[in-house]
1. Report the label-to-label distance for residue 794 and residue 635 in nanometres (one decimal), using points 7 Å from each Cα along the Cα→Cβ vector.
2. Aspartates and glutamates within cross-link reach of residue 153: Cα-Cα under 12 Å, excluding same-chain residues under 8 positions apart?
3. Cut-off is 10 Å between beta-carbons; in what order do 521, 139, 986 appear when sorted fewest neighbours first?
4. Students often forget the sequence filter, so: which lysines lie under 28 Å Cα-Cα from residue 696 once same-chain residues fewer than 8 apart are removed?
5. Can you give me the relative contact order of the range 734-833 as a percent, contacts being Cα pairs under 8 Å and 6 or more apart?
6. Exposure proxy check: 572, 74, 221 ranked by fewest other beta carbons within 10 Å?
7. Under 15 Å from a label point 7 Å along Cα→Cβ of residue 117: give me every residue in the range 48-76 with its amide N that close.
8. Quick one: if you stick a label point 7 Å off each Cα along the C-beta vector at residue 618 and residue 439, how many nm between them?
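Please treat every number below as a calculation from the coordinates, not as lab data. This one's a predicted model, so the numbers in the text were calculated from it and none came from an experiment. Using ideal geometry, Cβ is built from the backbone for each residue, glycine included, and neighbour counts are taken over all protein chains shown.
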Amino acid sequence: MFDRYGCFMKLDTRSILLPILGTLLVISVVLHFPFPPPASREIELASQERQWLEKYGDKIRIASLPDAPPIDFIDQAGNHLGLTADYLQLIEQQLGIRFVRVECDSWKDLLEKLESREVDLVGSIQKTEERREFLRFTEPYLEIQNVILTRKKIEGRFTIDNLAGKSIAIVEGSATHSHLAKMHPEYDFVPVKDASSGFRMLSFQDVDVMVADQGVASYYIEEMELSNLRVAGDIDYPWELRLASRKDWPFLNTILDKALASITDPQRRLIRREWITLTGTQIIPRTRSLQIIGIVLLVTLLAIGSFVLWNRLLKKQVRHRTHELGRARHSHQQASRALDESEERFRALVESSSDMIWEMDPFGNYTYISPRVCDILGYAPDQLIGQNAFSLMVPADNAKNLHALRKAKATAIIDCQINTHTHKDGHKVILEMSGRAFADNLGQLGGFRGVSRDITGRVEAEAALKKSEERFRNLVETTSDWIWEVDTEGNYTYASPQVGDLLGYAPSELIGKRFTETMPEKEAAAMKTLFADSAEHGAPMHSLVNINQHKEGRIVVLETSAVPFYDKDWNIQGYRGIGRDITERMVAEKQLAFERNLFRSFMEHAPDLIYFKDSDGRFIEVNTAKAHEVHLAPEEVIGKTDFDFLPAEQAQEKFEDELEVMRTEKPMQKEELSTTSEGDRWYLTTRVPRYNEQGKVVGTFGTSWDITYRKQAGEELRQLRAQLSNIIDSMPSILVGVTLDGCVTQWNREAERASQIAAPEAIGQPLKVVLPQLAKEMVKVERAIRERAPQKEERIPAHEDGHTRYSDITVYPLLENDAEGAVIRVDDVTERVLIEDSIRNIVEGVSAVGRQFFNSMVIQLAKSLDADFTFISEPAGDIPGSMRTIAVSDGGKIGQNFDYALNSTPCEQVMEGKACVCVSDIRTQYPNTELLQSLELNSYIGIPLIDSEERHRGCMVAMYKNPIEQLEFATSIMQVFAGRTAAELERLQATKELLTLRKLLSNIINSMPSILVGVDADGRVMQWNREAERITDTPASQFQGQPLEEVFPDLGVEMNRILEAIGNRELQHDEHIPCIIDNEPRFADVTVYPLTTDGADGA
């Protein structure tokens, strides 16, 4: 029954409505297409005006407004468009002329060119008193209202008089700007370069309102899709659009007035309706009104028919749907409860997360943010809801994200993007942001959801680590010692540049080679075994002496210390260490050991009585002969005086002689009688003053020659002479791809940054246009393609902002598929060049030895550790419990040395062999040192200076006014330098001892009455004492280095035979040998002592 009734109703409705609907459709179509507007009226020009137009008509220069769409603007293709452009096009058609276009960058540029007559005509400009001085204005051809715009969330209507307290964006230099500034100078105006910048600031809440004309506002709101803006009022200062021309061309002004008057009202309305669409007060033409009425009537009739048609069907469906809704309601209640529980779990998860979870609308405004934002940025969530997320970022990140937001789609993904934000208290916070866009119900971009993590600590830690690594690298490459690294097989993986000075190899020549390849075969085998054993147990190596062979073939002795390094699982990966050239030190130590051995041998075997006494006449050291004289062991004589062994008269006389020697500081030689248990014996005694290291007389040294046994004494003296002679004689980027004709084919991000030109704009452009500084590189491009080889130029200087920067430019040819081109690579090597120069300067600074070494060491130590005060000190020998500095750096400059008490100071702990660190109040621990008190120092690092024999030579100290930033780094660096400094102290001490011993032995040799002559393995004279000079009447310098047979050509048959047997390396002793000296026959006792100590052969 329903189906038949429904069918009858459909047929009845159709038969009634179809004729009516057809008639209405025809009427609406007719009304929708109005008749075209009538053509412009003809212009009547005077004869003078026509003559002027014929002369200048095609030379009139016109400029469009720089940023006033849709009134007047230039599109991306360079076409002049807008409401004014349409008026000018009608004028050109009516006058039969073509204007010459001139481009201007800004309002200021346009006004300057109008005033200087570089532009003759402007199409749309406001008339002001200032502009009338150089322009003539036509009558207004259109009036456009200036409106006040704000965001939709800001309620109320505004006028020019109720904007106090609001920030107002307005185009700088415009007539509206000048007008409002005069009326309300107290307002907070925010001048903007162009209208688009102002609308962007308004949309993103950087300003409260913006004043712009209705046309510009309608264009940008539609173009930029700024759906959150509205018109909130007007300023009662309309923009009267006029044509303005040069004041010295009055005919042009009258011609333009007549041309504008010829444009009909329909033409004007059509132009306005095409370009100005913003909702406001508009005049609706009659034809448009009829169209609207027809359409409304048609829609109304269609709605009535639809209602009648569907009314009956809906009744039945209502009953059916009511039943279904009852069941759906129960299901909906269950789903709602489950949804509430899910939302509660999700909310708890979000609010307990350590990261900041957020949601933004399509414009970047927060719509949700988790409570974690309070800990990260200092804001409560409700303070940020509705605020633009990018406003919390630094300007660079703000601009970057705004640009990305314009291009974002509903499928956009944010992947670990790092941005810098400003905390509420002002400090910077670095966040890592991840998320994705989501779509609304229409499939359009609905906003963004994501999470932000605070990585400020991680970024700062990475920066600190990089700085620490850079500082350590500088220290490694500037120290005078060689730093190296090997893997577990002993193959070099790193070698610092100093290896070139030590072994003659470049670092690249050693990388990959085994460390034993630079050693002699026997040394290599021993070191290989030692290394394998150390690596197996992970043991460090300390002061390991090893022999290496220089690239030129000579032997180099190195002292090596190394420690193992591990991976994250504590598997040993190799060794890192330092090598120091100790070749000269080893030679000096060997020489010193030889001389010490020789001296001990001399003291043990010399037949003369040798002894050392203090200023009170007590024996402090005696030789064996002296101890045998009194029938005691040498150590039993120590501390006794001559009064313990001799009669009082003899002992007193000896003591007075010793006092005289100490007073005059001159040697004394005399014959003395000594009464012993074996009877009276006569000695030829020589006494000389004995000095300490400071040059002060502290006792005497004496030798007594037993004249009774002259032969034995002579033999002993000759032996000593030979030994002493042996001692003396044996001492020692941007990437740009271009074609062959210079057009850009590739443009990377660094090139964009350097040129401020995006890749799409640069590609296809000539290189000399987009990057002029590389235009000269086209010569290298042609050469690279021609020679099929890269071209490179290094360390190219360029001056920027008062600084010199360096670049390496490399051109790589591209020859593929007959497409010739090249890639230009520009590397900024300023830092490398500066580092290389700095390394060179530091290496030269620390390459000195002696006292200059210590000065350069404290300076470099202060620079490397950023220390305020550094010094190296050693015990002051003349003041017990006191230290004396060797070198001082105060504020990076060499300071004055000073003494300080050791007791109860951190240096006391250091001198016990322990590193010491104090992080505060260090001045209180040096109360008696005025210099340290005056410098306001607080922190302290002290490292002991321990030599190769584990003796504490001194301490190395760095002090800071502020807390020490990288304590472990500073301590490890000081430990590296401490070994080198201790070695230098040891070397200086050994040199001092050697000089003292040489002086002492020289006094002994020259004080003996026997002839002592030393020869080397080749029979050349190396030593010649005073007795030999006296007998032969020839100075030692004349015979030094001469063959013995030339010095004594003929001493007689027997003596010649003895001298020829010197090379047998056996002890020889002959008595009463006849010889001829100075043509006089003599008898001599001759003893030859062979010298083979440590390879120094001679006799």
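1. 6.5 nm
2. 208
3. Ordered from fewest to most neighbouring Cβ atoms within 10 Å, 521, 139, 986 come out as 521, 139, 986.
4. Reachable lysines: 613, 626, 640, 654, 666, 670, 992, 999.
5. 27 percent.
6. 572, 74, 221
7. Counting only backbone N, you get 56, 60-61.
8. If labels sit at residue 618 and residue 439, their model points lie 10.6 nm apart.
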